[in-house]
1. Name the residue from Ser394, Ser330, Ser414 whose Cα lies farthest towards the positive end of the charge dipole of the stretch 316-414, charges +1 on Cβ of Lys and Arg and -1 on Cβ of Asp and Glu.
2. Using the Kirkwood radius over C-alpha pairs as Rh, can you work out the diffusion coefficient of the stretch 373-527 via Stokes-Einstein at 25 °C, viscosity 0.890 mPa s, in µm² per second?
3. If packing is taken as the average count of other Cβ atoms within 10 Å, what order do 382-393, 216-227 fall into, highest mean first?
4. Name the residues whose placed amide hydrogens come within less than 5 Å of the amide hydrogen of Arg204, ignoring near sequence neighbours (fewer than 5 apart) on the same chain.
5. When the dipole is taken about the Cα centre of the stretch 219-329, and only Lys, Arg (+1) and Asp, Glu (-1) are charged at their Cβ, what size is it in debye, to the nearest 20?
6. With the dipole of the chain worked out from charges on the C-beta (+1 for Lys and Arg, -1 for Asp and Glu) around the Cα centre, which of Ala263, Gly506, Leu96 lies farthest toward the positive end?
7. Restricting to DSSP H runs of at least four residues, report the calculated mean residue ellipticity at 222 nm for the chain, -39500 (n - 2.57) per run over all residues, nearest 500 deg cm²/dmol.
8. Over the chain, with the other protein chains present, what is the accessible area per residue in square angstrom, probe 1.4 angstrom?
Amino acid sequence: MRRAVTSCASCLAWGLTYAQGVCLACYNFAAPRHAQLPGECAACHRWERLKHGYCRLCWCQARADRAVLAETARSAVLLAPYLRNIRHYQLFLADLDRRRAKPRTIERRRGAKGRPLKPPPAPVTRPVTGWIQPPLFDAGPRVYRYSRIDLRSGPAPDNPWLAWALHVAHSTGEARGWRPEIRRAIQRVLVMLLANHVEGEQIRVSDFQRILARQSTNLDLVVEILSTMGVVVGDRPAPLESWLDTKIAILAPAIGRDVLQWARVLRDGGPRTRARHPETVRGYVAAVVPALAGWSTRHHLREIVRDDVIAYLATVSGHARQTATSALRSLFGWAKRTNLIFRNPTARISNPHVPDGIWQPLRPDELAEAVAAAITPQARLFLVLAAVHAARPSQIRALHLDDVDLPARRITISGHDRPLDDLTYQVLIGWLEHRRSRWPNTANPHLLVSKETALHHGPVSHALILNLRRLAGNLERLRIDRQLDEAIVTGGDPLHLAAVFGISEGTAIRYATNARILLRGPTEPNR
């Protein structure tokens with residue numbers, strides 16, 4: 001996210017601005033759960049995001065007027081009278097009006113009246129019950145009410161299923177190093193769901209999904225605990241379902257129905273088809289939709305002939321044509337196997353060969369832009385591992401703490417042992433210090449963790465990867481530039497590249513060939 005020091009476009013405060021040129025407070029104020037749709041402010045008559053009819057600038061001015069006119073700090077709680085009487089505005093600096101609680105003057109006491117902490121839930125197992133009467137019909141969605149029950153101040157409701165759930169949550173939290181606030185949030189949700197639970201009842205995720213979203217509680221953790229108990233029905237929409245509906249909405253109904261079924265087979269797999277990665281499904285669907293949109297004047301896939309496919313593929317080139325050819329062959333091959341069409345129009349249409357381009361080294365200003373964009377400890381670690389050790393983002397995400405040997409100055413990336421240079425060593429030390437101070441109790445074995453993955457044992461998601469997509473020196477180009485630079489320095493020796501970076505022989509030969517072409521003379525850049 002780009003940052004700049006300028007005037008906020010919404011509250012006019014001077015300070016650090018983020019997306020859309022607004023400060024952090026205005027960015028959060030515009031969140032759907034906090035504000036209404038944009039409209040005209042009742043006080044300043046500007047077109048802004050509103051909260052009860054007033055923009056954030058007017059709310060800030062009303063709070064300032066209350067502090068000046070009120071006799072005491074708590075004599076005026078409501079801001080509505082001050083909102084209606086705003087006649088001027090006092091500009092301010094952004095992010096300086098954060099209200100914080102007064103610091104403690106005495107040490108915090110643990111437990112009520114200084115008593116020790118409450119003991120953990122008793123170890124229990126699945127409740128043993130007799131025969132049950134299954135429900136004859138579905139009673140419909142159940143309404144749950146979120147209650148702020150704190151088990152530190154009183155006992156939990158007497159229910160054996162709730163006692164079992166609390167024990168499972170406590171054991172999982174101990175094994176993964178959950179923070180106290182995470183444990184209390186999970187306990188409150190379990191009390192809400194299982195206080196009146198009976199044998200044979202199944203809890204639907206859709207019944208409490210929105211409640212957890214409003215309370216900012218991790219839904220996956222609750223579903224995992226309920227799945228361990230076997231009392232949950234996972235009725236959440238399948239991945240990519242909403243994206244697929246939006247993507248195929250422009251197609252003819254019959255063609256869109258078949259494309260949706262084909263995409264689901266790609267995503268979930270079939271009797272003789274393996275499930276594909278979600279990104280592969282996205283790429284295939286995005287590649288065939290433009291072609292099918294032009295053919296939507298027909299009513300079915302069986303009306304598309306070979307000449308139509310060849311004419312469309314002639315309009316695209318390079319890697320886009322490779323992807324479109326593979327996607328169309330997959331679609332019509334599936335349609336032929338399922339007897340939706342009589343003849344496959346993509347038969348004997350080969351995938352064109354795209355020659356490898358000649359990569360050029362990155363310029364110093366492009367490298368400087370990438371370095372300037374890495375402002376967080378994890379971003380600097382991504383940057384250094386890609387630019388110095390030529391590591392892919394997936395390899396960086398998969399790194400474990402055991403792969404880093406600081407005393408011996410070694411690091412293992414995808415099974416390939418490499419020495420640690422001084423720059424990588426210092427960046428690793430900075431990240432590990434940040435990791436220890438931010439998540440001291442996490443049991444996640446991965447080197448990189450986030451606020452979500454600190455609660456379990458999986459790697460971080462793609463969203464945590466340093467976003468350099470708009471820059472010439474993105475992570476992939478930094479990785480390529482590092483291997484290309486090594487090839488140029490060594491005179492295009494493929495054996496040296498394979499030994500240093502642990503790449504395949506074919507990849508090493510391509511980098512060596514690229515380096516020899518650059519050493520012979522200048523070429524046109526391929527970016």
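1. Ser330
2. Translational diffusion coefficient: 147 µm²/s.
3. By packing density, highest mean first, the sequence is 382-393, 216-227.
4. Distant-sequence amide H within range of Arg204: Val233.
5. Result for the stretch 219-329 is approximately 420 debye, rounded to the nearest 20.
6. Leu96
7. Helix-only estimate at 222 nm: -13500 deg cm²/dmol.
8. Value for the chain: 60 Å² per residue.
The values are calculated or read from the model by the stated rules, or taken from the named source; none is laboratory data. Note that the structure is a prediction, hence the values are computed from the model and not measured. Methodologically, a virtual Cβ is constructed for each residue, glycine included, from the backbone with ideal geometry; neighbour enumeration extends over all protein chains shown. Note: areas computed on protein heavy atoms with side chains; ligands, DNA, RNA excluded. Shrake-Rupley method; radii C 1.70, N 1.55, O 1.52, S 1.80 Å.
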